[in-house]
Amino acid sequence: MANKIRLKKHLIFTFMCVICLLSLFLIINIYEYNVYTKNFNNKIVVMVNKIKEEYPDISDNEIMQIFNSEGSDTKLFDKYGIDVDTDSIILENNKSYHIFLAINIGFLLLSNFILLIIFFKYNYEKNKELDEIIKYIEEINKKNYSLHIDEISEDELSILKNEIYKTTVMLKENAENSLKDKVELKKSLEDISHQLKTPLTSILVMLDNLIDNPDMDFDTREDFIRDVKREVVNINFLVQAILKLSKFDANTINFSRENRLVKDIINESVKNVSTLCDLRNIQVEINGDEKAQLNCDFMWQVEAITNIVKNCIDHSNTGNKISISYEKNNVYVLIKIQDFGDGISKKDLPHIFERFYKGENSTADSVGIGLALSKTIIEKDNGNICVESERGKGSCFVIKYFEA
């Protein structure tokens, strides 16, 4: 904005100077014309008076005819060295001519001098702005992005400065995002390492026991093998979930959306955890509009709902039930998944969808990634998810898929 104001001041100042110089030039020319006219008229008056004295019988009309008649005889003036084409017959006009010539030359020089001052002053400020732009670019090359360049303006350099500022902001954001990505990658690797360390250690210990004790009784050996299998299954789930999240982070997954019945998504999800429900004697109740449809990627949404239902099962007591309800209105499709377990503490509630976060009531097999994956999948399909929970009364996951 400062550049715009400065440019406006320059233009106004230059315009005023030009107007003043033109006005002064016009005044000088008018004054010059008046001086010449006055000198001519004074001499003509003297001549008329002299003629009347010498020729009293001459009339005024005859005198006016003499002045208005055309003649080309210049011998009289040639006799006195006066060239009627270049010299003034009236000597006073010759003096005035030289005076006004000097004034006009001085005025011309003064005008050029003033315009040159304006030009050099404007160029000086432009060069100063160019130097500032060069310094900005040098600072950017030094990875110093904490720069402030003038706001919206209209001259070319200001537009250039604003474009540099946009580039600076973009480079700064890229640098910050790059640093943030590195921090997140480091944190993720630490979390993954921590998640893999415990099951791998357990597997190594159990395998060492199996190797070091060839005479181990059959039941104990079977227990060790089942434990090893369970840990391998957990590691496999963790690796697969991390790979899926990585694909989402890299934006390499393209959803194949189609209209599917909401009940089919829920039924398929419940089917995926039916064995776990049977082991825990947990009943799943499903209620909703059977004609409700959702435009989504069927397989990915089944995985998202499956992870949520599994989480509810893990936090439910044996013999409990899980309630799933769904409906559709003009704005969104709503799915509610309710368990009646111990609930989520207020401390854990804000972090429940964070990767690798394990609340105080998490099971031993939990790796803290299922809900994070579900949230990512749901949001990818134009939805959102939140959870409502109260200790001792269970948790309710509320999912809304908005119409695209």
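Quick grid of which residues meet (1) at pLDDT below 85; (2) under 25 Å from Thr275 (Cα atoms); (3) among the basic types (Lys, Arg):
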residue	(1), (2), (3)
Lys336	no, yes, yes
Lys346	yes, no, yes
Ala372	no, yes, no
Lys400	no, no, yes
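Would you point out the residue of the stretch 277-320, among those that are outside any loop (DSSP other than H, G, I, E, B) and basic (Lys, Arg), that is farthest from the chain's Cα centre (by Cα)? Talk me through it step by step, then tell me what you get.
Pass one, the stretch 277-320, residues outside any loop (DSSP other than H, G, I, E, B): 277-280, 283-288, 293-296, 298-314.
Next, from what is left, pick out any that are basic (Lys, Arg): 280, 310.
On the way: Arg280: 53, Lys310: 41 Å.
Once the filter is applied, the top-ranked residue is Arg280.
Within the stretch 371-393, can one find any residue that is of a type outside the set (A, V, I, L, M), in contact with a His (Cβ under 9 Å, 6 or more places away or on another chain) and not in a helix (DSSP H, G or I)? Break it down stepwise before answering.
Of the stretch 371-393, the ones of a type outside the set (A, V, I, L, M) are 374-376, 379-384, 386, 388-393.
Imposing the further condition that a residue be in contact with a His (Cβ under 9 Å, 6 or more places away or on another chain) reduces the set to none.
Within the stretch 371-393, not a single residue is of a type outside the set (A, V, I, L, M), in contact with a His (Cβ under 9 Å, 6 or more places away or on another chain) and not in a helix (DSSP H, G or I).
Here's a check for you: in the stretch 321-354, which residue that is assigned to a strand (DSSP E or B) and among the aromatic types (Phe, Trp, Tyr) is nearest to Val284 (Cα to Cα)?
Residues of the stretch 321-354 that are assigned to a strand (DSSP E or B), as a first pass: 321-328, 332-339.
Next cut, among the aromatic types (Phe, Trp, Tyr) only: 326, 332.
Working: Tyr326: 14, Tyr332: 24 Å.
Step by step, filter the stretch 321-354, then rank; the result is Tyr326.
Taking the stretch 289-307, which residues are charged (D, E, K, R), farther than 11 Å from Arg260 by Cα and either buried (at least 18 other Cβ atoms within 10 Å of the Cβ) or at pLDDT 90 or above (or both)?
Glu303
Check whether at least one residue in the stretch 255-263 is hydrophobic (A, V, I, L, M, F, W, C) and at pLDDT below 85, and report yes or no. Spell out the reasoning first.
We begin by selecting, within the stretch 255-263, every residue hydrophobic (A, V, I, L, M, F, W, C); these are 255, 261-262.
Narrowing further to those that are at pLDDT below 85: 255.
So far as the stretch 255-263 goes, yes, one or more of its residues are hydrophobic (A, V, I, L, M, F, W, C) and at pLDDT below 85.
Can you tell me which of Lys310, Lys346 is out of contact with any Lys or Arg (no Cβ under 7 Å at 6 or more places or on another chain) and crowded, with 17+ Cβ neighbours inside 10 Å? Steps first, answer last, please.
Working: Lys346 fails: crowded, with 17+ Cβ neighbours inside 10 Å.
So the residue among Lys310, Lys346 that is out of contact with any Lys or Arg (no Cβ under 7 Å at 6 or more places or on another chain) and crowded, with 17+ Cβ neighbours inside 10 Å is Lys310.
The values are calculated or read from the model by the stated rules, or taken from the named source; none is laboratory data. Owing to the predicted nature of the structure, the values given are computational and were not obtained by experimental measurement. Note that each Cβ is placed from the backbone with ideal geometry, even for glycine, and that neighbours are counted across all protein chains shown.
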